[in-house]
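See structure below.
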Amino acid sequence: MKHDVPAARTALLIVDLQNDFLDPKGAYGRSGQSAPAIAALPARIKPLADALRKKGGWIVSTQFTLVPAKDGEPLISPHLKQLRPFLKKGDFLPGSWGHQLVDMLQPADLIVEKIAYSAFYMTRMEWVLRKTGIEKLYVCGIVTNGGVASTVRDCHVRDFETVVLEDGCAAFSEETHKTAIDALRPVSPVMTIAEAIKEIETLA
């Protein structure tokens, strides 16, 4: 793994830590779809985000999005509709409170709307990373086995250097989270948040 990527070309990539996922008043919270490990993430990640901001690095937030169509009705993939039948008009709506990154981790320098697991699938993610010169990504967020895993794999095939933050990610069960982390080890280095902060503090 390279250690010479400067802070100005390094980012914290926050996957889907949005109000509609995490806040009790959000779409998932209203439907009882939550997990303590997920709820704990913003407070755990904040020190790392602050450390990288201080060094002049980037904060990149992906926002899962339900694109509104006619009359504002969201376009929802059939598999998601079956899995999450509670999703409705106004949920994950661009520009809405529910769609936003949680307050504790605001502000993001770059925001990328996404419509599927991977933050690269039919999005501007690769374009903004190339335009800003970002080469290395510390990846955190939800869920480890979904958005995080798919995004990390897509980083890998595009030759972005990645670090998966093991305690900066979560899933709806600890077993699922651990299985996903183990599956990512051949793809990307895995670190704790504390280890990543130490590494960031050494950056030029």
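The values are calculated or read from the model by the stated rules, or taken from the named source; none is laboratory data. Nothing here was measured: the structure is a model prediction, and the numbers come from that model. Virtual Cβ from ideal backbone geometry, glycine too; neighbours counted across all protein chains shown.
Do you know which residues across region 87-110 are under 20 Å from GLY168 (Cβ atoms) and either among the hydroxyl-bearing types (Ser, Thr, Tyr) or in contact with a helix residue (DSSP H, G or I) (Cβ under 9 Å, 6 or more places away or on another chain) (or both)?
Within region 87-110, the subset under 20 Å from GLY168 (Cβ atoms) is 100-110.
Matches in region 87-110: GLN100, LEU101, VAL102, ASP103, MET104, LEU105, ASP109, LEU110.
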Is at least one residue of region 74-92 touching a His at 6+ places or on another chain (Cβ under 6 Å), closer than 24 Å to SER150 by Cα and not basic (Lys, Arg)? yes
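Does any residue of region 166-183 turn out to be under 15 Å from ILE45 (Cα atoms) and in contact with a Cys (Cβ under 7 Å, 6 or more places away or on another chain)?
Of all residues in region 166-183, those under 15 Å from ILE45 (Cα atoms) come to 166-170.
Right, trim to in contact with a Cys (Cβ under 7 Å, 6 or more places away or on another chain) and you get 168-169.
Scanning region 166-183, I find at least one residue that is under 15 Å from ILE45 (Cα atoms) and in contact with a Cys (Cβ under 7 Å, 6 or more places away or on another chain), so the answer is yes.
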Would you tally the residues in region 33-64 being in contact with a Phe, Trp or Tyr (Cβ under 9 Å, 6 or more places away or on another chain) and more than 20 Å from LEU137 (Cβ to Cβ)? 5
Residues in region 1-34 that are buried (at least 19 other Cβ atoms within 10 Å of the Cβ) and either free of Cβ contacts under 8 Å to residues at least 60 places away in the same chain or not β-branched (Val, Ile, Thr) (or both): how many? 15
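With the condition being among the basic types (Lys, Arg) and within 30 Å of GLU201 (Cβ to Cβ), I'd like the helices (runs of 4 or more DSSP H) fully within region 1-78 carrying at least 3 qualifying residues.
In region 1-78, the matching helices (runs of 4 or more DSSP H) lie at 41-55.
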Any chance region 140-156 includes a residue that's surrounded by fewer than 18 Cβ atoms within 10 Å (Cβ to Cβ) and in contact with a Gly (Cβ under 9 Å, 6 or more places away or on another chain)? no
How many residues are under 12 Å from the mean Cα position of the chain (by Cα) and of a type in the set (A, V, I, L, M, F, W, C) if we restrict to region 4-20? 6
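Can you tell which of ALA43, ALA69 is modelled with pLDDT of 95 or more, surrounded by fewer than 17 Cβ atoms within 10 Å (Cβ to Cβ), more than 21 Å from CYS169 (Cβ to Cβ) and not polar (S, T, N, Q)?
Working: ALA43 fails: more than 21 Å from CYS169 (Cβ to Cβ).
Residue meeting the stated conditions: ALA69.
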Unmet requirement for TYR28, which otherwise passes all of (1) in contact with a helix residue (DSSP H, G or I) (Cβ under 8 Å, 6 or more places away or on another chain); (2) farther than 21 Å from GLU174 by Cα: (2)
